[in-house]
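Values in this text are rule-based calculations from the coordinates and carry no lab data. In this text the structure is predicted, and so the values were computed from the model without any measurement. Glycine also receives a Cβ, built like all others from the backbone with ideal geometry; neighbour counts cover every protein chain displayed.
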Amino acid sequence: MKGKLFGYARTSKVEQNLDRQIDQLLEYGVHKSDIYTEQVTGTKREREQLDKLLDDIDAGDTVVVVDITRVSRSTKDLLDIVDKIKSKGANIKSLKDTWLDTTSDNPYNDFLLTVMSGLSQLERDLISQRTKEGLASARARGRLGGRPTTKKQDIERALVLYDAGDLMVNDICELVGISKPTLYKYINKRKESEVIDKWYIKLSY
């Protein structure tokens, strides 16, 4: 039995418009009531509408996106999403990235997903190796004098490592050269900013 078409559209900023993505999904045949939308940066872990969509789909359904950048934060994230969809017996299709189409039995699609999975593991291994080397180098040098002034790029790097979820907070702080209170301060500031963004979105509708 053929399932339903579901659409997912996302923009990174509140001021960006979702209309172009929605129009393409409608043109493909997705009903307007079955399109899930949200305005949140792709680097954030919390994507409420995407999570709701993944909960709502059933076997035979197909999730349609305009392109993979709308649905995933990274190669690993994309593969995790594809696995969740396939585990429910559903499919995913990208209108722009035609190779991402699990609705057919084309072995080329499975081959590309396998290659991407290998590349994703390689990427994680390289990050892990560089991180360990960086920590060893930092420990070998030791700390001379007081802690240097925290730079914006240090905070951004620490937040990226924190979001990746591969390192303990202590290791992130040691590698980047910032204190735990400083890191948590910026994590909390980011959360407060996200809350404000959500209220802004609600008020805009």
FRET efficiency for LYS151 and LYS2, using Cβ-Cβ distance with R0 set to 41 Å, rounded to 0.05:
0.15
Residue-span extension gain [SER179 to THR103] - 0.36 nm each, minus C-alpha spacing
22.5 nm
THR37 to MET168: extension gain in nm, 0.36 nm per residue of separation minus the Cα-Cα distance?
43.9 nm
When Lys and Arg each count +1 and Asp and Glu each count -1, what net charge do the other residues less than 12 Å away from ASP97, Cβ to Cβ, add up to?
+1
To the nearest 0.05, how large is the calculated FRET efficiency for LYS189 and ASP55 if R₀ is 41 Å and r is the Cβ-Cβ distance?
0.85
